[in-house]
Amino acid sequence: MDLLGDIGNADQLTSTREENKVLQAKCKELKVLVHTLKAENAALKAEVEIYRQEHASSGFPSSGGGGSGDGGGESKEALVDDGSDDFVTSGNGMYPSDPAVTLPHIHETANPLCCNVHPDDTLLATGGADSNLKLCRWGSALAPGDESSVKTVKDSITIPCGAPVICCAFAQDRSNSSLVAAGCMDGSVKLAYCGLEVDAPTEGKYRLLKSDLGNGNGIKHGKYVKTICWSPSEPILASASADGTLQLTRVGDADTQARTVSMEVVQSMHFDGAPESMCFLNNGDTLCCYVRGTSYLSYFDLKDGCKQSKMSLNGGSAGTGCFDEHVSFAILSLLPSPSGKYLAAATDTSRNIIIEAGTERIVRNLYGHKNDGFSNPKIAWSSSGQYLYGNSQDENCICVWDIASTSIVKRLDQGAGGHSGFVRDLCSSSNSDTVASVSFDKMAKIWLRAM
């Protein structure tokens, strides 16, 4: 008989029982604490609702920036200003939903990261993790035959950029419509010639344009480029970086023989946070920008020395008594509607917002998808301005919202001919009802209206 062993086991059992009693007592304390916190939370919710009712009755604009992200905790009346008639009636059901073109392995084995459609719809630009910018005549993939898509990809122009291409954009001004810009991971913004003339360079490396700006390096930020966009009326390119800078650059004519382009810095801006998203408004006279860590959209008047105006995302403008600086979300994608009257803002709280441009008025909130702080939310308008496209981080699909009803009318998933991987970027044509998408399934797709 192992008497000492039995005594040791008994002592261990007694010790374990005593520890168990302590843990049970601690659990009871925690249960009481949880009950107390729930009661306090309910009281706070009641106080918030009282505040909202008092705030609404005082005549101030209703609060719109405090959404929880799932749309279930707040009433629609508390979040939406129905003062506009533009979204009273639902869309007519005519929007791109047919995956007419699928371009496989657009960047071979690398993931595509961004896309943009040329203003005349002839070209699709895609940027990839392989550090290349691709220019593709996607229309040729509509030709009969199973190999037309493969041939279209093979015939695309590959422009080496020296670093992964995070964002790309074709020039919108007619005088410079043969230029495309690529924002890269190394902080550079590359400019390339995208003309399709017979005598245009066939090799992509000969399409890159050098500039006398920045000792010949062109536009160069201190950290990776967050976003770029062109003015619709002038050859002005806006580029924003994770280093907190935003630069406006006037781009001159390109010399395709010398492979050069003139550039002039119009304005440099510096922020405490990174400019996450931006777009031009009022035919290029205004630049709208969201900076991380702020509770407002900044509007810069390019005709008045880039004078800044702030419009709160929580209701109320800067300088008024109701300007709320609480930050509830970040806007990671910002696009003007086809009419320019509204902005679509994709946030990191599973919420897309329709805002009347130049005001604090939130017109609609769109839910039903998921995009959190680790996601890459992207959006695109239909040409009618009645539908909004958006990705979702937990689904390999594109959601289509009818803005008037705020409901998802279609999910363009794999069953509908969509992607089998996460949708990394979306863009829509400014000229027609055409939507482009790229995905981590290595494919690019062109969506057209069903015939």
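The values are calculated or read from the model by the stated rules, or taken from the named source; none is laboratory data. For clarity, every value in this text was computed on a predicted model and none was experimentally measured. Cβ atoms come from the backbone with ideal geometry, glycine included; neighbour counts cover every protein chain shown. Surface areas here come from the heavy atoms of the whole protein model, side chains and all, with no ligands, DNA or RNA. Shrake-Rupley method; radii C 1.70, N 1.55, O 1.52, S 1.80 Å.
For residue 27 paired with residue 450, estimate the spin-label separation in nm (one decimal), with each label point 7 Å from Cα along the Cα-to-Cβ line.
Here the modelled spin labels are 5.5 nm apart.
Would you mind telling me the share, in percent, of accessible area of segment 351-411 contributed by carbon and sulfur at probe 1.4 angstrom?
Carbon and sulfur together cover 43 percent of it.
Once you place label points 7 Å from the Cα toward the Cβ at residue 301 and residue 409, how far apart are they in nm?
Between residue 301 and residue 409, the label points sit 3.8 nm apart.
Accessible surface of residue 146 in the full protein assembly, 1.4 angstrom probe, to the nearest 10 Å²?
Accessible area of residue 146: about 140 Å².
Accessible area, 1.4 Å probe, largest first: how do 434, 89 sort?
From most accessible down to least: 89, 434.
What is the distance, in nm, between label points placed 7 Å from the Cα along the Cα-to-Cβ direction at residue 339 and at residue 94?
1.7
For 134, 303, 341, what's the largest-to-smallest order of accessible area, 1.4 Å probe?
Of 134, 303, 341, the descending order of accessible area is 303, 341, 134.
Please give the solvent-accessible surface of residue 408 in Å², to the nearest 10, using a probe radius of 1.4 Å with every protein chain present.
Approximately 50 Å² for this residue.
What is the calculated FRET efficiency for residue 212 to residue 372, with r their C-beta to C-beta distance and R₀ = 60 Å, to the nearest 0.05?
After rounding to 0.05, the efficiency reads 0.90.
Which lysines, on any chain, are close to residue 154 with Cα under 27 Å apart, when same-chain ones fewer than 8 places away are left out?
Within reach: 134, 190, 205, 210, 442, 445.
Would you report the distance distribution of C-alpha pairs in segment 219-373 as whole percents per 10 angstrom bin, up to the bin with the largest distance?
Using 10 Å bins, I get a P(r) of 11, 39, 35, 12, 4, 0 for segment 219-373.
Under unit Cβ charges (Lys, Arg +1; Asp, Glu -1), what dipole magnitude, rounded to 20 debye, does segment 258-389 have relative to its Cα centre?
So the magnitude is around 380 debye.
How much of the accessible area of segment 162-312, probe 1.4 Å, is carbon plus sulfur, in whole percent?
Of all accessible area on segment 162-312, carbon and sulfur atoms account for 44 percent.
Can you give the accessible area per residue of segment 230-341, in Å², using a 1.4 Å probe?
Accessible surface, normalised per residue, equals 41 Å².
What is the calculated FRET efficiency for residue 250 to residue 120, with r their C-beta to C-beta distance and R₀ = 25 Å, to the nearest 0.05?
0.65
Using the beta-carbon distance between residue 359 and residue 420 and R0 = 45 Å, what value does 1/(1 + (r/R0)^6) give for FRET efficiency, to the nearest 0.05?
For residue 359 and residue 420, the calculated efficiency is 0.65.
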